[in-house]
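Shown next, in structure tokens, is the structure this report addresses.
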């Protein structure tokens, strides 16, 4: 495995164990907890930890205590705090080289059978909820029977957990071991678990586990109608189903301080408070390499901000210890110049977004759709862009001119694809457009379409911060005789236009080009160039628009169908690589720049924030850096 | 007068019903609904929810129902049970959300309003009686500087100056260490050191307008023959100016003073956003942008009640201040 | 006027002149004594001219991107080079990027002396579609170097040129809404105050209703409903017109209050007895009695209009680039990055303040001049 590649492939069928074996450990705990043990309000640390706790190798063994000060922008920023402490049976974590490794979390071991249809997991011995109640397969069965299969709580089955239309099956082996079975091979199941957990009601819940001892009182299989109504009333919601769901008043960690969790911290002051506070979970299952129970940090405070400038002001004033969200590269110099004032430094991660122009292949303007379908026009679209100029002026020169293709470091990376049609060549672009039959021009020098109208393109973005990039692109396109009409519109309208097939071209951050199988929909048209085609594909022709019989997007779909039924990762990856190749060579998406830095603000008292990691939703953002082992200088 | 108030109260009922319905419709006028906004917000931060999840949310929130059904569900709860409904975004009762922020909002907005009046009215009178004096010009330039620079920008500049040159903590109402601390003398001092920026920003914007209007009306009045007559009778300047011309000149101010009532309740939205003030204004702004219609609708309903009351108060004050005005 | 001048005896004294002058002559005479107002008038005339002739006055194309001149500070104008007088000139700039902070740093290149030329031939432009030219009022003759009186923005565009072109949009498109709202406010306010009774009552309820309408979703809905390919300036004017429909209430309410106060005064009664029509009473007798207020309200409405555009943009609505207007330029300055690192981007704010002050002093002068009780 190339050490530069940051995803370590997992061989299927191997048995992996974590935890400490053979050694007798003396566990240490945070002073804040030791006090409670002294006072008799908490059992001693040895009783709280599993017999063989998971070891998280801290970059540097840290000090206990302190409050990590952060900022959040309101209820919509719920994923900011969530991603600091997501739990999965297997979670992406960074290795020493910054590579992403699938690492077991609260399980002792897992196994996959030869054709990837059966996955066996064993929970840690002595794993406990944050209220001290043991976690057992009862909780797993509760998840499966009373939530996953409960159509009142999860109204529709997600295809991710029902490949081939057959939902996954659960078999409880003993108090700690359970098996998950599929009707067909599912080689990427572990990676999907790491990204999506077990799906609905929300991916912020740990995979397979719901605290039965607490939540059964809110479940219709256990509680009576009256009890449910009373519970809804107590939580101030309209119906008992509102207690569940992604924002469920009782079941979302973020709104209910009483909910037992297994995360490193738990909520203490829930929103809508001005400052949302999380405190450490005394029963957290992991220790560092010296047997110190994690996390190191006692509390996390998320301060509400309403405007990005307020966040910048907090940063310059040194009011944040580590901030990973809400920062922009445009402010890079501002952050750097105020490092002294705010006594912090920046830690750069790698951006995986590829900012791209996405033509709508199914646009309602048929003449335009026909032009988009012409490969020459698409090539001209791409080589007419002066990527270096855009990067120099809008990205402080810090991004790479790349095509919409797997990003460097991904195991699917291919340099040829990444630089496909990225050479700036307006002369060739002009020539290609002439060849495509667009050789007539109007008085202003713009090309005329076959129907005699001016070749103009409305490009929509939802973020005013990108208006300048679009202005530069407009200049580039004007040079090849295409009139670009950049429009900054409200993001809801923008989303709506896409959903309703009502746009010509969008300017978007094209993401998920890292571990492709974890979310291959981008390549398949979803949310972009062929949203209507993808609708047609995913609804078996019930909705959307059918692509022409020879459209290469059909090849991509066929390849994915093949990959998802392969019995080994190697076999599946062959198809995935081919998907990426067809996608990029077709040039459906015009990548402009990407792979620039993502800025994190880290105060000089904060330690163990690893640099040069990848920032991607698939790896759950900051979670990759293993926040449990962050620590703050204590006086 | 009692009959007058009674008649107005009766008229207010259909007005409010009409307002509440039209507002409810207008809030949902932008494309999409709350779920679309929510999905869009997530997408902006690189998070996603599936179309199936969106459909579930819509169903649970009753967003698929006809608008009349939604309206009735909302308004009937308010009328019959005093329940303003649930904020879709915060998943919390609207009443609680607003109530939590109300005290601070009222404190800041009434303080800045009174501050504005205390500055503007005397300065306006002074500027008129000493027209074209150096101070008059100074007030003019200063006033329009406040008026001509966007509040948002002014607040940012003041905060930056405060931070770089005065080395004080800026943004919000408290330094982080006092945010959750119990009230103490230090916390009050800390509050005051934060409060001056919002007060200056709000007062400069509001005062300039009032100063100009006061000055213009005073100039009209001071030139009238009755003032000369009063001077001729040997009255002092103070007696002449403050007894009658000021009362007349206040007419435009009083005509609209009642509308400060809803403004008190929502505070100045943009200033609050940039200064990170925990007032109700940003809550309303966010609710409107997200189409969180129960929160936004209830908010607007409350504001419109205050508007109606404010108009009435202004009318009563007009009659009281200016004896020439009679309501038939 | 020419007739009377011809016939007038040479010994005519000043007083007689005053008695025979028409009202507007009196007003002009008094106005011209008001130095600040006259200066303001000239300033505004100049402003209007530069807006019209922005193509010629601005040294550069407002959209021209200069990759090697991003965020350059205002260019200093010098007269002496190495102790020798050589007329107005500027130095070239040496550019460097700080590897740590990524900030672009400029230093004057004193080797390179670039005299400022008048009627310099630079970027091509098309003057309102009438003719093409490349003559600019001033500039420096160099392929790479520029004169940037107000610095450049982060795409290396000349802020001074953008300011000139932005004035066109701000002082034309933006004013439409103000005028419209003003006319509505005056009309409805006068009717409400003059007639009273059920007319007043219904107009007042209408006001209460209008003031309660949330404008943000209304604007968002409208913006989404209009075809996206339409010119953004046209859409903006359209929306300001629609917003004017709800922006008249404040003025109307004040006018109504004033009218209620004066409708029974002697001069109104006299006009009524003289058989004047109600329209005439309102427009010729009552409204002029509150000229001062109207002028003050107008001068206050101008900055509100200019800033209204920025406030809306802050909400993610309103005018957006690539349109150039003062509001759009100010958006660029509304962040700590600009305030701390490129304060020259705040210059559109100064332009707004100066314009507003000029309008105000002009208003003052007009008011004084028109005041029948004035000395």
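Rule-based calculations on the coordinates, nothing more; no lab input. What you see is a predicted model; the values in this text were computed from it and never measured. Positions of Cβ are generated from backbone atoms using ideal geometry, with glycine treated the same way; all protein chains shown enter the neighbour counts.
Tabulated results
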quantity: Computed [θ] at 222 nm, deg cm²/dmol, the protein assembly as shown (DSSP H ≥ 4; -39,500 (n - 2.57); rounded to nearest 500); calculated: -14500 deg cm²/dmol
quantity: Chain lengthening between residue C:94 and residue C:48 when straightened (0.36 nm per residue, less Cα-Cα); calculated: 12.9 nm
quantity: Descending Cα extents along the principal axes, chain B, whole Å; calculated: 83, 59, 38
quantity: By average C-beta atoms within 10 angstrom, highest first, the peptides A:66-73, B:130-137; calculated: A:66-73, B:130-137
quantity: Degrees separating the helix A:225-234 axis from the principal Cα axis of chain A, which is the longest one; calculated: 80 degrees
quantity: Within region A:131-158, backbone nitrogen closer than 14 Å to the virtual label 7 Å beyond the Cα of residue A:239 toward Cβ; calculated: A:151-156
quantity: Rg [Å, one decimal], Dmax [Å, integer] - region C:59-130, C-alpha atoms; calculated: 15.6, 50
quantity: Unit Cα scatterers, Debye sum, chain C: log10 I(q)/I(0) for q = 0.06, 0.10, 0.13 Å⁻¹; calculated: -0.35, -0.84, -1.15
quantity: Pairwise FRET efficiency - residue B:58 versus residue A:169, Cβ, R0 = 22 Å, nearest 0.05; calculated: 0.15
quantity: Sites residue A:63 and residue B:110, calculated FRET efficiency, Cβ-Cβ separation with R0 41 Å, nearest 0.05; calculated: 0.30
quantity: Over region A:130-261, equivalent-ellipsoid semi-axes from the Cα gyration tensor in Å; calculated: 26, 16, 14
quantity: Region A:538-597-region A:62-125 distance, computed between alpha-carbon centres (Å); calculated: 29 Å
quantity: Sorted largest first, extent of region A:283-403 alpha carbons per principal axis (Å); calculated: 64, 38, 30
quantity: Pairwise centroid distance, computed over Cα atoms, of region A:261-338 with region A:478-537, Å; calculated: 33 Å
quantity: Residue A:366 versus residue A:443: modelled label distance in nm, points set 7 Å from Cα along the beta carbon direction; calculated: 3.1 nm
quantity: Residues of region C:205-244 with amide N under 19 Å of the 7 Å Cα→Cβ point at residue B:13; calculated: C:205-206, C:209
quantity: Beta bridge orientation in the protein assembly as shown: antiparallel %, DSSP, nearest 5; calculated: 80 percent
quantity: Between 0 and 90°, nearest 10: helix C:23-32 axis offset from chain C longest Cα axis; calculated: 40 degrees
quantity: Distance histogram in 5 Å bins (all Cα pairs of region C:329-371, percent per bin); calculated: 6, 22, 18, 14, 10, 10, 8, 7, 4, 1
quantity: Percent of Cα-Cα distances greater than 18 Å, calculated over region A:257-332; calculated: 53 percent
quantity: Kirkwood Rh in Å, taken over all unlike Cα pairs in region B:96-165; calculated: 14.7 Å
quantity: DSSP bridge pairs, chain A: antiparallel proportion in percent, nearest 5; calculated: 75 percent
quantity: Sorted largest first, extent of region A:359-512 alpha carbons per principal axis (Å); calculated: 46, 37, 28
quantity: Globularity ratio of region A:129-170, using Cα Rg and 2.2 N^0.38 Å; calculated: 1.39
quantity: Projected-area mean, region B:185-328, by convex hull of Cα positions, square nanometres; calculated: 13.0 nm²
quantity: Chain lengthening between residue A:543 and residue A:145 when straightened (0.36 nm per residue, less Cα-Cα); calculated: 140.1 nm
quantity: Region A:253-301: translational diffusion in µm²/s, Stokes-Einstein, Kirkwood Rh over Cα pairs, 4 °C, 1.567 mPa s; calculated: 114 µm²/s
quantity: Average beta carbon contacts from partner chains per residue of C:200-212, 10 Å cutoff; calculated: 6
quantity: FRET efficiency estimate (nearest 0.05) - Cβ-Cβ, residue A:570 to residue B:177, R0 60 angstrom; calculated: 0.60
quantity: Simple spin-label estimate for residue A:97 and residue C:137 in nanometres, 7 Å along Cα-Cβ; calculated: 6.3 nm
quantity: Average partner coverage of C:336-347, which counts Cβ from other chains inside 10 Å; calculated: 5
quantity: Inter-centroid distance (Cα atoms) of region C:64-81 relative to region B:1-24, Å; calculated: 62 Å
quantity: Residue A:216 paired with residue B:229, simple spin-label distance in nm, labels 7 Å along Cα-to-beta-carbon; calculated: 9.3 nm
quantity: Ratio Rg/Rh [Cα only; Rh per Kirkwood] for region B:1-117; calculated: 1.08
quantity: Scaled radius of gyration (Cα, divided by 2.2 N^0.38 Å) that the protein assembly as shown gives; calculated: 1.02
quantity: Rounded to 10°, Cα long-axis angle of helix C:159-195 versus longest principal axis of chain C; calculated: 10 degrees
quantity: Orientation-averaged projected area, Cα convex hull of chain A (nm²); calculated: 29.3 nm²
quantity: For region C:112-240, convex hull of alpha carbons as volume per residue, Å³; calculated: 197 Å³
quantity: Scattering curve values for region C:187-343, log₁₀ I(q)/I(0), Debye with Cα scatterers, q = 0.10 Å⁻¹; calculated: -0.53
quantity: Mean projected area in nm² (Cα convex hull; one quarter of hull surface) for region B:57-113; calculated: 5.3 nm²
